[in-house]
Amino acid sequence: MAAVKLYEQSELTDPIAKRVYEEILNELGFGIVPNLFKSMANRPKFLEANWNHFRSTILQGDIPRTLKEMVGVAISQANNSQYALKVHLHGLSALGMSEEVLQTLVSNFDACPLPEREKAMIRFGLKLATDPHNVTENDYAELRKIGLDNDEIYEVVATAHLFTGVNQYTDAIKLEIDAL
């Protein structure tokens, strides 16, 4: 059980929280407000800030959402953070990712049938999240060598940052996995 209350849409009284729930329902594409956001509704400005952070990092930009979610899955698995791992695996499945890719993404990444460019981005995001002090200019150079521009690299950095925080937050409050 989560250490904080999860607010259902029908319980909301604050106009900011109500608006953010509507945005989540309209933009996320799954027809639910995830427990992550429900856990923030007692602080509407916190909810709003975190939704905007998620939205601008995952739902916007040049890198496909699916790739950003795969970065999140890799980071969540490395951090043994079950909430984000399970929710984003489900999200990837709902977005049309094949079962083969999903299984190898978590069981044998080297054998995962993804293009090398995507695998390099996932590896980089994982290194950013788990070993940031050892990220070198060579790591950035390798991404540029395979065709990433500075904006795309920044998106991977932002994604790693987001999921590191999500993992810490959801683990700290012992957030239960959404009924998906």
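The values are calculated or read from the model by the stated rules, or taken from the named source; none is laboratory data. As the structure is a prediction and not an experimental result, all values here were calculated from the model. FYI the Cβ positions are ideal-geometry reconstructions off the backbone, even for glycines, and counts take in every protein chain you see.
In the range 124-138, which residues are without any contact (Cβ under 8 Å) to a residue 40 or more places away in the chain, assigned to a helix (DSSP H, G or I) and either within 18 Å of VAL101 (Cα to Cα) or of a type in the set (S, T, N, Q) (or both)? Those that are without any contact (Cβ under 8 Å) to a residue 40 or more places away in the chain, assigned to a helix (DSSP H, G or I) and either within 18 Å of VAL101 (Cα to Cα) or of a type in the set (S, T, N, Q) (or both): ASN134, ASN138. Summed over the range 58-79, residues that are surrounded by fewer than 20 Cβ atoms within 10 Å (Cβ to Cβ) and among the β-branched types (Val, Ile, Thr) total 1. Restricting the range 122-180 to residues that are among the aromatic types (Phe, Trp, Tyr) and in contact with a helix residue (DSSP H, G or I) (Cβ under 6 Å, 6 or more places away or on another chain) leaves a set whose member that is surrounded by the most Cβ atoms within 10 Å (Cβ to Cβ) is PHE163.
Tell me which residues, restricted to the range 61-91, are of a type in the set (S, T, N, Q) and under 14 Å from TYR169 (Cβ atoms).
The answer is SER76, ASN79, SER81, GLN82.
Consider the range 38-48 and keep the residues that are within 22 Å of LEU85 (Cα to Cα) and out of contact with any helix residue (DSSP H, G or I) (no Cβ under 6 Å at 6 or more places or on another chain). The one that is surrounded by the fewest Cβ atoms within 10 Å (Cβ to Cβ) is SER39. Residues of the range 110-142 that are farther than 14 Å from ILE153 by Cβ and of a type in the set (Phe, Trp, Tyr): none at all. For beta carbons closer than 6 Å, sequence separation of 6+ or different chains, a first residue in the range 29-49 that is more than 23 Å from ALA94 (Cα to Cα) and a second that is crowded, with 18+ Cβ neighbours inside 10 Å and among the aromatic types (Phe, Trp, Tyr), the qualifying pairs are ALA41/TYR7. Given the criteria surrounded by fewer than 13 Cβ atoms within 10 Å (Cβ to Cβ), over 22 Å from PRO34 (Cα atoms), of a type outside the set (A, V, I, L, M, F, W, C) and in the same structural domain as GLU155 (by TED's automatic domain parsing), does ASN108 qualify? So ASN108 passes the test.
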